[in-house]
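The structure appears right after this line, and notes come after that.
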Amino acid sequence: MIRRVCGRSGLLGVGLLLCATSLTGQDMPGIQGATPPLSTFSIVACDLEEGFWGVAIQSRVVSAGSIVPAARAGVGAIATQALANVAYKEEGLRLLEEGASAEEVRDHFLRTDDGATRRQFAVADRECRMAAHTGESTTDWTGHRIGEGYSVQGNILAGPEVLEAMSAAYEEARDGGWPFGERLLHALKAGQAAGGDTRGMQGAGLLVVRDGGGYQGGDDRYADLRVEDHVEPILELERVYDVWMRVFHPADHFVPRGRVAVSAPAGPHICELRRLLTTLGHDDFHQEGGSCAFDEEAISALKAFQRAEGLPERPILDAEAARVLRDAARDGIRDDTP
């Protein structure tokens with residue numbers, strides 16, 4: 001459900017959670033070589049149940065994905081755009097880590113930054129509360145829209161329909177149980193399909209954090225991906241995301257937890273299938289020494305689950321059965337929680 005919609009005409013543009021946008025030097029005659037403002041559309045979102053915070057962005061500025069987003073697991077996320085103030089990222093995360101709310105961080109920047117009228121930004125805090133700002137001197141069409149657990153924002157857009165499409169797409173993916181990163185990408189694609197940045201496309205980025213989600217569990221960088229310069233940056237970002245997830249997070253990418261079907265007879269996704277079936281009492285899987293192959297034991301447990309849920313008994317986990325399995329396992333874990 002949307003809680004607030006903000007939009008105004010002005011000088012510069014749009015962003016993610018803490019968001020701001022900018023123009024390229026070519027678009028601003030007489031200031032070639034000047035730092036381009038970030039004309040951008042973005043989404044900042046979080047999922048407390050899964051432990052994710054994230055930002056996704058597209059802009060007609062090279063490497064915008066390295067400029068706009070910041071996030072820290074258990075703390076919050078920020079997007080800064082338009083005439084982006086990148087100092088917001090470290091300062092905002094520090095304030096959030098000290099316990100400030102998203103609104104308190106927003107108000108702090110408005111008090112302390114003389115250039116706030118030219119900036120656009122959004123903030124998500126540790127409790128998934130959202131705050132955003134679109135300066136009165138950012139460029140038409142510009143605005144932000146806050147919904148439950150997310151904020152979308154942008155400047156130099158085709159119109160408010162860009163943010164409306166992003167909101168609807170994110171909510172569709174969230175309510176459909178899509179993996180967190182896919183929800184953000186779905187919102188970006190919808191924004192572009194609705195008109196996006198009127199100057200075109202160039203750079204895109206996706207930053208998703210979760211505690212211990214990085215390489216070998218050494219940091220929180222679950223996915224930190226960028227497309228610096230491309231004719232279809234969002235589609236290229238989606239392609240790279242698919243490669244990344246297949247290599248580093250296959251248990252979250254393939255069914256049952258993800259949405260990608262796979263015919264591989266063994267792997268982390270089979271371990272996850274057996275773990276969920278064990279949660280529901282249909283299997284007796286132990287990670288240490290347990291088989292991650294789709295063998296007779298795994299198939300027998302899957303059929304027992306299908307039988308119990310009134311689903312067709314087949315040695316395959318289709319999208320509907322995967323959804324029922326995820327929901328049932330989640331409810332089972334909740335029921336066991338004191």
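In this structure, Arg199 qualifies as outside any helix (DSSP H, G or I) and among the charged types (D, E, K, R).
How many of the residues making up the range 51-66 are crowded, with 24+ Cβ neighbours inside 10 Å and either outside the structural domain of Val209 (by TED's automatic domain parsing) or hydrophobic (A, V, I, L, M, F, W, C) (or both)? Break it down into steps so the answer makes sense when it comes.
We begin by selecting, within the range 51-66, every residue crowded, with 24+ Cβ neighbours inside 10 Å; these are 52-61, 64-65.
Of the ones still in play, those that are also either outside the structural domain of Val209 (by TED's automatic domain parsing) or hydrophobic (A, V, I, L, M, F, W, C) (or both) are 52-53, 55-57, 61, 64.
Summing the residues that are crowded, with 24+ Cβ neighbours inside 10 Å and either outside the structural domain of Val209 (by TED's automatic domain parsing) or hydrophobic (A, V, I, L, M, F, W, C) (or both) in the range 51-66 gives 7.
Return a yes/no flag: does the range 179-190 have any residue that is within 21 Å of Ser63 (Cβ to Cβ), free of Cβ contacts under 8 Å to residues at least 60 places away in the same chain and not in a loop (DSSP other than H, G, I, E, B). Scanning the range 179-190 turns up at least one residue that is within 21 Å of Ser63 (Cβ to Cβ), free of Cβ contacts under 8 Å to residues at least 60 places away in the same chain and not in a loop (DSSP other than H, G, I, E, B). Inspection of the range 20-39 identifies at least one residue that is closer than 16 Å to Pro233 by Cβ, within 19 Å of the chain's Cα centre (by Cα) and at pLDDT below 50.
Identification of helices (runs of 4 or more DSSP H) wholly contained in the range 217-328 with 1 or more residues that are among the aromatic types (Phe, Trp, Tyr) and surrounded by fewer than 17 Cβ atoms within 10 Å (Cβ to Cβ) yields 233-248. Restricting attention to the range 68-86, the residues that are outside any loop (DSSP other than H, G, I, E, B), small (Gly, Ala, Ser) and at pLDDT 95 or above add up to 5.
With respect to the conditions (1) farther than 19 Å from Gly76 by Cβ; (2) buried (at least 17 other Cβ atoms within 10 Å of the Cβ), Leu184 lacks only one, and its number is (1). In the set Val152, Val123, Val162, only one residue is in the same structural domain as Ile234 (by TED's automatic domain parsing) and part of a helix (DSSP H, G or I); that residue is Val162.
Yes/no per residue for (1) more than 24 Å from Phe254 (Cβ to Cβ); (2) among the hydroxyl-bearing types (Ser, Thr, Tyr); (3) in contact with a strand residue (DSSP E or B) (Cβ under 7 Å, 6 or more places away or on another chain); (4) at pLDDT below 95:
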position	(1), (2), (3), (4)
Thr139	yes, yes, yes, yes
Arg145	yes, no, yes, no
Gly159	yes, no, no, no
Ala165	yes, no, no, no
Ala168	yes, no, no, no
Gly176	no, no, no, yes
Asp197	yes, no, yes, yes
Arg210	no, no, yes, no
Glu238	no, no, no, no
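The values are calculated or read from the model by the stated rules, or taken from the named source; none is laboratory data. Quick caveat, the model's predicted, so the values are computed rather than measured. Glycine also receives a Cβ, built like all others from the backbone with ideal geometry; neighbour counts cover every protein chain displayed.
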